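Accompanying notes for the structure given below.
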Amino acid sequence: MGNIVVVDPSINTAGLAVFADARLIHAETVTCRLLGRDICDRCRVMAEKIIARVDDVLSSDPPPAYELIVEWPRIYAPGKQKAKPDDQIPMAGVCAAVAIKLQLPVTSYRAAAWKGQLEKVPCAAMVRRNLASSELILCDGLDHNALDAIGIGLYHLGRFKRKRVYAKPS
């Protein structure tokens with residue numbers, strides 16, 4: 001299916017991308033700065049903001065069916081990840097809340113599945129390389145969260161081609 005809503009979750013700055021007929025039609029970063037509030041409430045508010053933006057985007061020309069694609073957080077063993085484990089759990093809350101409210105079929109991917117170990121800057125460059133020129137225009141000024149959402153969508157659609165680097169044989 002080429003009609004997808006993609007969320008790169010966070011409780012502060014989430015990425016959102018929408019593809020229709022396998023082409024990027026919208027991308028943005030959704031922000032929610034509620035520091036000091038209850039963590040569950042922050043998940044709820046972020047999910048509501050994402051849902052409101054999805055409703056705005058799809059209300060103009062809704063295709064027949066969409067699927068929700070999310071990056072599902074993974075908690076690694078201590079010392080094996082950059083993010084704090086406590087930051088990963090609310091991401092799952094945002095994903096679940098958006099899925100429940102939108103009532104769309106859901107597919108989730110771990111970051112390692114779609115981008116491997118790519119850092120933010122190389123990943124953003126690779127996402128841009130995989131876009132058509134008509135889609136690239138939509139990427140001006142986007143941060144890594146929105147670009148990650150686009151990358152997840154491209155991966156789901158089979159359009160994200162990672163550049164592989166191999167060691168030269170001796």
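What aspartates and glutamates could a cross-link reach from K101, if we take a straight Cα to Cα line under 18 Å and drop same-chain neighbours fewer than 8 places away?
Within the straight-line cut-off, K101 pairs with D8, D41, E48, D55, D56, E67, E71.
Between T13 and K120, what length comes free when the chain is fully extended (0.36 nm per residue of separation minus the Cα-Cα distance, one decimal in nm)?
In short, 37.1 nm is gained.
So how far apart, in nm, are the two label points at A113 and L136 if each is 7 Å from Cα heading toward Cβ?
Computed distance between label sites A113 and L136 equals 2.9 nm.
State which helices in the chain qualify, where a helix is a whole DSSP H run, it must extend 20 Å or more along its own axis by its Cα atoms, and its mean Kyte-Doolittle hydropathy must be at least -1.0.
Once both thresholds are applied, what remains is 39-59, 85-102.
Give the longest segment of the chain that steers clear of chymotrypsin sites (Phe, Trp or Tyr not before Pro) in DSSP loops with at most 16 neighbouring Cβ atoms within 10 Å, not counting the sites themselves.
Longest gap between qualifying sites, sites excluded: 77-165.
Excluding ligands and nucleic acids, what accessible area in Å² is computed for D143 using a 1.4 Å probe, to the nearest 10?
50 Å²
Per residue of the chain, what 222 nm ellipticity follows from adding -39500 (n - 2.57) for every DSSP H run with n ≥ 4, rounded to the nearest 500?
For the chain, the value works out to -13000 deg cm²/dmol.
Could you work out which residue, out of A112, A27, A92, moves most in a Gaussian network model of the chain, that is, has the largest mean-square fluctuation with Cα springs under 10 Å?
In this elastic network of the chain, the residue with the biggest mean-square fluctuation among A112, A27, A92 is A112.
Please turn the phi angles of region 107-115 into ³J(HN,Hα) values with the Karplus equation 6.51 cos²θ - 1.76 cosθ + 1.60 (θ = phi - 60°), one per residue in order, whole Hz, x for glycine and proline.
Once θ is set to phi - 60°, the couplings for region 107-115 become 10, 10, 10, 7, 4, 4, 5, 9, 10 Hz.
Using the C-alpha gyration tensor of the chain, what are the square roots of 5 times its eigenvalues, in whole angstrom, with the largest one first?
24, 22, 14
Assign unit charges at the C-beta atoms only (+1 for Lys and Arg, -1 for Asp and Glu), then state the dipole size of the chain relative to its Cα centre in Debye, rounded to the nearest 20.
Using Cβ point charges on Lys, Arg, Asp and Glu, the chain gives about 940 debye.
Can you tell which of Y76, V30, L131 lies farthest toward the positive end of the dipole of the chain, using +1 and -1 charges on the Cβ of basic and acidic side chains (Lys, Arg; Asp, Glu)?
Most positive-ward Cα: Y76.
The values are calculated or read from the model by the stated rules, or taken from the named source; none is laboratory data. Bear in mind that the values here come from a model prediction, so they are computed numbers and not experimental data. Note that we place each Cβ from the backbone using ideal geometry, even for glycine, and neighbour counts take in every protein chain shown. Please note that ligands, DNA and RNA were not included when accessible areas were found on the heavy atoms of the full protein model with its side chains. Shrake-Rupley method; radii C 1.70, N 1.55, O 1.52, S 1.80 Å.
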